[in-house]
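Q: Have a look at the structure that comes next, please.
Every number here is computed from the coordinates shown, using simple stated rules; none is lab data. Small disclaimer: the values here were computed from a predicted structure and weren't measured. So basically every Cβ, Gly included, is an ideal-geometry build from the backbone, and we count neighbours across all protein chains shown.
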Amino acid sequence: MTAVRKSLLLHGGLLIVLFGLQFVLPAYHHGNLARIMVLASYAIGYNVLFGYTGLLSLGHAMFFAAGMYGMGLGIRFLEMSPALALLAGLAAGLILALVVGYLALRTVGVAFMIVTLMFAQALFLTILYFGKWTRGDEGFVIQQPERVLWGIDLSDPVNRYFAALLLFAVCLLVSLWLIQRPVGRVLIAIRENQERARMLGYDIFAHKLAAVMISGGISALAGAVYGLLFGYVGATFASVQYSIFPLLWVLLGGAGTVLGPFVGTLFMFYLIDLSSALTTAHMLIAGVVLVAVTLFAQQGIVGELRRRFWRWLP
C-alpha cells in the first residue's frame, strides 16, 4: 500500500470515528469535542505558517478574532444572515492577513515574532477602545434566532457537533491537499533552507505571503464558526493567550504534521480539564506534563510516532 493511500485511510478513518462518536458520547464530552474540533481547525491554520513554512507568529489570535468579530458585528449591526456573516468573517481575516503579511514579512526571525505580536495587540486594544460597539472584555451574545443557518439551528448540540466536524474535515483535508501540492513542497523547502529555495528560482516573499493568507484565512474561518456555534464574541479571543494556545497545540501534537494540531488540541484541552478537577493548582500539573512531553517527545506526539514507527505520516 502506498504512503498516499495509507494517509488517506488514516485521515478518513479519523473523520469516520469522529462522526460515530456523536452517537455515543455523553453530553459533556459531546460538547467538549465540538469545541476541540473548532479549536483544532484554528491550530491547523497556525500549523500552515509555523509547522510547514517555519514562520513563528506570536499574534495569530488577531486572525481568529478578526473572523469572529467580522461575523459577529455583521450579524449584530448589519443584520447579515449567518452564511453571509461567515463570509464576512473570512474576508476580514484574509484582508488582515494580506496587510499584516505584506508588512511583517519584511522582517525575519525574532523581529517577525515581535511585529506579529504588535499587530495582534493593536487589534486587541482597538476592540477595547471601540467597546461601544464591540462590548470590549464583556463581549456580546449572538442570540439563538441569529444562529439558524439554512434552516439548521446551530445552537442545537447535534447540529453544532456536525457543523464543527464539517469545519474540521474541510480544514484537515485542505491541509493534507496543500502539502501534497507543489506549493506545499515549496513552503517546506523554505522552512528547511530558504536560500537554497531562492537559488532554485522560487519567489520566497510571494510563497510566504500565500502561507500567511492561507493560515490567516483558516484561522479566521475557525474564529467565525466558533462565535456562531457557541453564541459568544469577546475580546478574550484576541488576547495574547489565544496566540500562545495554537503554538502549544501544534508543538505538543507535532509541528509540520497534518494530525498534530488535532492531537495537541485534544491533549491540552483534557489535560487542563482533568487536572482542574483534581486541584486548584491545575496549571502546575499541566506545566509539568507539558515539560515532560517537550523533553521526551521533542517532535511532538505525532512527530515522534512518525520518526519512530510510521515514516509515511504526512
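Q: Return the loop-located chymotrypsin sites (Phe, Trp or Tyr not before Pro) in segment 107-138 (DSSP other than H, G, I, E, B) with at most 16 other Cβ atoms within 10 Å of their own Cβ; answer none if there are none.
A: Phe130
Q: Mind checking Rg over Rh on segment 1-92, alpha carbons, Kirkwood formula for Rh?
A: On the Cα set of segment 1-92, Rg over Rh gives 1.07.
Q: Using only DSSP helix segments of four residues or longer, with each worth -39500 (n - 2.57), what per-residue ellipticity at 222 nm results for the chain after dividing by its residue count and rounding to 500? Intermediate values should be presented prior to the final figure.
A: Values: 14 runs with 226 residues, N = 314.
Rounded to the nearest 500, it is -24000 deg cm²/dmol.
Q: Taking 8 Å as the Cα distance limit and 6 or more residues as the minimum spacing, I'd like the relative contact order of segment 215-290 as a percentage.
A: The normalised contact order for segment 215-290 reaches 15 percent.
Q: Counting only residues 5 or more places away or on other chains, whose amide H sits under 5 Å from the amide H of Leu149 once H atoms are built in the peptide plane?
A: Amide H neighbours of Leu149, under 5 Å, 5+ apart: Leu154.
Q: Taking only Cα atoms of segment 146-299, what ratio of Rg to Rh do you get with Rh as the Kirkwood inverse-distance radius?
A: 1.02
Q: At 0.36 nm per residue, and after removing the present C-alpha to C-alpha distance, how many nm does the segment from Trp310 to Ile204 gain when stretched out fully?
A: Going from the current span to full extension adds 35.1 nm.
Q: Hey, fewest Cβ within 10 Å first, where do Thr280, Thr126, Thr53 land in order?
A: Result, fewest neighbours first: Thr280, Thr126, Thr53.
Q: From the backbone phi of segment 12-25, what are the Karplus-calculated ³J(HN,Hα) couplings (6.51 cos²θ - 1.76 cosθ + 1.60, θ = phi - 60°) in whole Hz, Gly and Pro given as x?
A: Result, rounded to whole Hz: x, x, 4, 5, 5, 5, 4, 5, x, 5, 3, 8, 10, 6.
Q: Taking other Cβ within 10 Å of each residue's Cβ, how do Val212, Val289 sort, fewest first?
A: Values: Val212 26, Val289 16.
So the ranking, lowest neighbour count to highest, is Val289, Val212.
Q: Neighbouring Cβ atoms within 10 Å as the yardstick, rank Trp150, Trp249 fewest first.
A: Trp150, Trp249
Q: If you take the beta carbon distance between Thr279 and Phe19 as r and set R0 to 25 Å, what does 1/(1 + (r/R0)^6) give as a FRET efficiency, to the nearest 0.05?
A: 0.10
Q: Moving to a separate point now. Calculate one ³J(HN,Hα) per residue across segment 299-314 by plugging θ = phi - 60° into the Karplus curve 6.51 cos²θ - 1.76 cosθ + 1.60, and present them in order as whole Hz with x for glycine and proline.
A: In residue order, the calculated couplings are 9, x, 4, 5, x, 5, 4, 5, 5, 8, 10, 10, 5, 7, 4, x Hz.
Q: Follow-up. Which trypsin sites (Lys or Arg not before Pro) in segment 225-314 pass both tests, a DSSP loop state and at most 15 other beta-carbon atoms within 10 Å?
A: Arg311
Q: Give me a comma-separated list of calculated 3J(HN,Hα) values for segment 122-130, in order, Karplus coefficients 6.51, -1.76, 1.60 applied at θ = phi - 60°, integers in Hz, x for any Gly or Pro.
A: So the J values, rounded to whole Hz, are 5, 5, 4, 5, 5, 4, 5, 5, 9.
Q: If I model a spin label as a point 7 Å beyond the Cα along the Cα-Cβ vector, how far apart are those points for Asp137 and Thr2 in nm?
A: It is 5.6 nm.
Q: Any chance you could tell me what percent of the C-alpha pair distances in the chain go past 26 Å?
A: On the way: 22692 of 49141 pairs.
Taking all Cα-Cα pairs of the chain, the fraction more than 26 Å apart is 46 percent.
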